[in-house]
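To start, the structure itself, in structure tokens.
Computed from the coordinates by the stated procedures, all read-outs in this text should not be read as laboratory data. In this text the structure is predicted, and so the values were computed from the model without any measurement. For neighbour counting, all protein chains shown are included, and Cβ atoms are generated from backbone atoms with ideal geometry for every residue, glycine included.
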Amino acid sequence: MTKSANDVVITGVGIVTSQGVGAEPHVALLGASQSPKVRIETERFAPYPIHPLPEIDWSQQIAKRGDQRQMENWQRLGVFAAGLALDDAGLKDNLEACGSMDMIVAAGGGERDINVDSLIVDEALKRNDREQLLNEKLTTELRPTLFLAQLSNLLAGNISIVHKVTGSSRTFMGEEAAGISAIETAFARIKAGQSTHTLVGGAFSAERLDIVLLIEAIQGHSLGEWHPIWSRKPGNGGGMILGSVGAFLVLESREYAEARGARIYATIAAIGGDRGSREDGRLEARLKDLARPAAEFDPQSTVVFSGTSGFHDLARREKAFLETELAGRPIRAYGGLVGHGIEAQFPVGVAFAALSLGHGAEVPPFDPDAEAPMTAAAKAAVVTTIGHARGEGIAVLAAE
Amino acid sequence: MSKAYKDHLGRPIVAVTGMGVITSLGQGLEDNWAALSGGVSGIHKISRFPTEGLSTRISGTVDFIELPAENAVERSYAMARETTLEALAQAGLSGDFNGPLFLAAPPIEPEWSARFELADRSPPSERPGDAYNRFLAAMRQKADPAFHEAVLFGSISERLADRFGTRGLPVTLSTACASGATAIQLGVEAIRQGRTDRALTVATDGSLSAEALIRFSLLSALSTQNDPPEKASKPFTKDRDGFVIAEGAATLVLESLEAAVARGARVYGILRGCGEKADLFHRTRSSPDGGPAIATIRAALADAGIDETGIGYINAHGTSTPENDKMEYLSMSAVFGERLPSIPVSSNKSMIGHTLTAAGAVEAVFSLQTILTGTLPPTINYQNPDPAIVLDVVPNVKRSKQVTAVLSNSFGFGGQNASLVMTAEPA
């Protein structure tokens with residue numbers, strides 16, 4: 001790839017998954033000779049297995065206890081991951097850079113207060129004036145601050161407060177598509193000179209029954225024991241295993257990054273998203289358009305980070321697509337390793353890709369029965385995410 | 001590209017070629033404008049749910065749109081669909097839109113009625129706090145795809161994208177009370193990037209429920225002056241005590257001026273500049289020095305390439321909360337200085353309440369209409385001015401005045417600030 005001043009480069013990665021906190025454990029697993037071992041929690045939400053958060057010392061990125069208390073887990077996780085990304089980019093506590101830094105956050109909604117909800121539905125079973133009951137209970141039982149801990153744009157708001165990122169603040173919603181659009185928009189703005197440096201990413205907390213319920217409404221969970229993502233069977237449920245993840249990236253124009261002497265992991269060569277009917281091969285037709293920029297790179301040294309949700313039909317179709325249209329490029333389904341992260345799914349994949357390219361990793365298979373070994377160090381990466389209900393996106397990244 | 005189609009920074013000029021709006025005052029720009037310029041309030045007693053025992057019992061809900069089911073997604077979608085139909089008709093566009101969609105939509109959650117229905121088919125409680133375990137058991141028995149779809153944040157943009165044939169992945173966004181302005185800003189940016197000649201920018205909020213009302217109540221954000229409802233929203237007065245929660249939607253069709261002229265479209269105005277700046281002071285309160293709001297207004301003016309003497313009218317955020325109005329006044333004073341008292345500043349929210357997610361776009365439509373008609377809408381209920389806020393708020397009665405450049409402010413929870421500068425079509 002020829003280099004330009006307005007190339008969009010990744011200079012900071014903040015990642016938290018069940019595999020650990022920050023770039024270091026993830027770089028280690030991406031460069032290991034053995035397949036990584038999954039971490040799975042099968043008891044706490046049985047029959048639903050979940051990839052849990054690793055142990056986190058929140059105060060490392062959120063110094064004030066008061067700030068920590070103002071947030072529910074998904075916000076706290078996002079603020080934490082954002083801090084890691086700023087640290088990794090060497091921009092933490094750089095007031096000038098953070099004060100002019102743009103921000104796009106892919107967010108879902110906050111946690112319900114399970115006890116209050118339970119109290120209300122239990123009481124409602126005994127009464128026929130349910131609306132009146134709601135007024136009574138919500139007025140007396142809701143914590144006033146819970147609203148703010150639930151509000152989608154307050155993840156970004158808390159990043160402004162804790163990390164002093166205040167150039168701009170935008171929150172995108174809409175499940176997997178939110179994560180795709182967030183990075184796509186940040187990319188387009190930097191490319192066009194509308195931004196010089198942008199913090200972008202998302203977080204997802206899987207360890208909450210209200211979000212487990214959302215997926216169970218379509219019986220989407222894989223049930224019981226953990227199985228590798230490409231070999232999950234309909235007899236074991238819908239195929240998805242959620243994971244608690246946070247992933248933020250610092251994107252900069254090459255000019256801005258080089259002027260401050262920043263370390264560059266990779267360049268985003270292309271990124272796009274689309275949506276529409278998935279019938280009659282239309283999903284594959286859109287994916288083909290989105291994947292086109294990958295053709296420019298040598299297959300052997302290109303790694304494909306597939307964000308497949310694990311839904312049986314979608315996983316099968318994506319794998320068939322990748323093996324045909326991106327033949328010869330090893331596939332790594334990262335959702336099988338760290339779980340599906342909805343809004344954060346695409347950012348997690350881009351984070352894995354950036355770390356792999358920055359370290360020239362030969363990424364070991366995550367699912368050795370279904371994924372081929374790499375035979376060369378990664379010089380390019382493709383990241384896919386096909387939304388569990390709608391929307392799809394692909395990014396193509398190149399090493400320096 | 002001819003020079004006439006580029007702005008002061010050499011970027012494509014962005015024109016507005018279609019507008020649509022719904023508020024508690026009615027459906028469509030014509031009815032809304034007649035009421036708004038006539039000083040009519042759309043605020044009324046809440047009838048959607050019982051309000052007995054609640055400290056706030058009034059709102060600006062939109063209750064006249066027919067819905068297949070009573071929930072926030074259906075209502076928000078229906079309003080967005082209607083305003084988009086109006087805007088596209090005004091723009092003279094039919095068939096697939098073929099440009100990106102930027103949608104400001106409220107964060108949504110399951111309706112309580114859906115939780116109650118689920119509880120009714122769930123196994124009995126075994127211990128306190130186990131409702132979700134029971135819900136899950138019920139879902140394992142029988143899935144409910146409608147429940148899933150109704151709580152996906154992407155479900156409104158999905159339907160709009162299908163209905164209007166927009167291109168690519170639609171963006172659904174929330175910047176709290178600045179969302180409508182952010183949607184417009186994203187559309188402007190996309191056209192300036194050269195990614196598209198046109199963008200559909202939509203903002204909608206039909207999410208008022210008992211829980212939404214109570215949440216804002218618990219933060220002491222809402223007016224409790226329930227009687228009479230139409231007098232509760234009184235921005236910039238001494239006795240203002242909170243905003244009045246409301247619903248609404250607006251759509252703006254944005255096109256590069258060049259493309260608009262090329263297809264012979266009527267240009268209703270120019271989206272000349274956008275500014276934003278995040279606040280790090282507090283989760284719900286603005287920096288006391290107004291710094292981020294000042295920076296936002298200045299950024300919008302700089303982006304528009306005009307200085308503060310160029311603004312003829314300000315469409316204020318003007319929520320009628322003690323804090324916003326004070327902070328907004330402080331910020332405008334810092335930017336406009338001694339000239340501020342001579343610039344008319346009015347708040348549409350005195351009549352339509354705070355349409356939250358939709359506000360920035362609804363008020364952008366009214367700002368453009370102000371330019372088009374040469375009529376400044378009033379700030380009603382301005383009986384007892386706050387002596388600390390010295391503004392020409394166009395008190396109580398509309399005023400005829402030709403203006404060519406308008407500033408519209410939007411500020412929100414979470415440190416969100418966005419301002420837009422709109423100007424008349426270049427003659």
* Taking only Cα atoms of the protein assembly as shown, radius of gyration then Dmax in Å -> 25.6, 78
* Structure fact -> Once A:Asn115 and A:Arg127 are pulled to full extension, the length gained, defined as 0.36 nm per residue separation minus their Cα-Cα distance, is 2.5 nm
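Could you grab the relative contact order for segment B:170-273? Cα pairs under 8 Å, six or more apart, rounded to a whole percent.
Numbers: 101 pairs, mean separation 30.4, N = 104.
Relative contact order for segment B:170-273 comes out at 29 percent.
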* Structure fact -> Diffing segment B:10-27: the Karplus 3J(HN,Hα) column from phi (6.51, -1.76, 1.60, θ = phi - 60°), in whole Hz with x for Gly and Pro, holds x, 8, x, 6, 9, 9, 9, 10, x, 9, x, 8, 9, 9, 5, 7, x, 10
* Asked: How high is the relative contact order of chain A, in percent, counting Cα pairs under 8 Å that sit 6 or more residues apart?
  -> 26
* Nitroxide proxy distance, nm - points 7 Å out along Cα→Cβ at A:Ala46 and B:Glu52 -> 4.6
* Asked: Add -39500 (n - 2.57) for each DSSP H run of 4 or more in chain B, then divide by its residues: what number comes out at 222 nm, to the nearest 500 deg cm²/dmol?
  -> -10000 deg cm²/dmol
* Divide, for segment B:257-403, the radius of gyration over alpha carbons by 2.2 N^0.38 Å, where N is the residue count. => 1.08
* Structure fact -> Over 26 Å (Cα to Cα) among A:Lys92/A:Lys379; B:Lys45/B:Lys349; A:Lys37/A:Lys164; A:Lys137/A:Lys164; A:Lys64/B:Lys349; B:Lys277/B:Lys326 -> A:Lys92/A:Lys379; A:Lys37/A:Lys164; A:Lys137/A:Lys164; A:Lys64/B:Lys349
* Structure fact -> For B:166-175, A:25-34, A:381-390, ranked highest to lowest by mean beta-carbon neighbours within 10 Å, the order is B:166-175, A:381-390, A:25-34
* To do: From other protein chains only, count the Cβ atoms within 10 Å of every residue's Cβ in B:129-142, then give the mean.
  => 6
* Structure fact -> Expressed in nanometres to one decimal, the distance between label points 7 Å along Cα→Cβ at B:Ala4 and A:Arg292 is 3.5
* **Euclidean distance between Cα centres, segment B:47-107 to segment A:290-307, Å** => 42
* **Protection proxy ranking of A:63-70, A:236-243, B:245-252, A:205-212 - average other beta-carbon atoms within 10 Å, highest first** => B:245-252, A:236-243, A:205-212, A:63-70
* Asked: When the Kirkwood hydrodynamic radius is evaluated over all pairs of different C-alpha atoms of chain A, what value in angstrom, to one decimal, is obtained?
  -> 21.2
* What order do you get for B:His282, B:His317 when you list them from fewest to most C-beta neighbours inside 10 Å? -> B:His282, B:His317
* Distance in nm between pseudo-label sites at A:Arg143 and A:Asp57 (7 Å out along the Cβ direction from Cα) -> 2.5
* Asked: In segment A:226-287, what chymotrypsin sites (Phe, Trp or Tyr not before Pro) fall in a loop by DSSP, with at most 14 other Cβ atoms inside 10 Å?
  -> none
* To do: Return a whole-number percent for the relative contact order of chain B, with Cα pairs under 8 Å and 6 or more residues apart as the contact set.
  => 24
* To do: Can you work out the PRE-style zone for B:Asp162? Point 7 Å along Cα to Cβ, and I want the residues of segment A:171-196 with backbone N under 19 Å.
  => A:174-178
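How crowded by other chains is B:111-121, given as the mean number of beta carbons from other chains within 10 Å of each beta carbon? Intermediate results must be reported in sequence, preceding the final value.
Numbers: counts 0, 9, 3, 1, 7, 8, 0, 3, 8, 3, 0.
Partner Cβ neighbours, averaged per residue: 4.
For chain B, what class follows from the C-alpha gyration tensor (a ≥ b ≥ c being the square roots of its eigenvalues): rounded when a/c is under 1.5, otherwise prolate if a/b is larger than b/c, else oblate?
Values: a/c = 1.84, a/b = 1.26, b/c = 1.46.
The shape class here is oblate.
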* Average projected area [Cα convex hull, segment A:258-379], square nanometres -> 8.3
* Using a 10 Å cut-off on Cβ to Cβ distances, tally the other chain neighbours for every residue of B:66-73 and report the average as a whole number. => 0
* Radius of gyration and Dmax over the Cα atoms of segment A:112-225, both given in Å -> 19.3, 61
* Nonlocal amide H pairs with B:Thr237, under 5 Å, H built at 1.01 Å -> B:Asp386
* Asked: For A:Ala370 and B:Ala302, what is the calculated FRET efficiency with R₀ set at 51 Å and r taken between the beta-carbons, to the nearest 0.05?
  -> 0.40
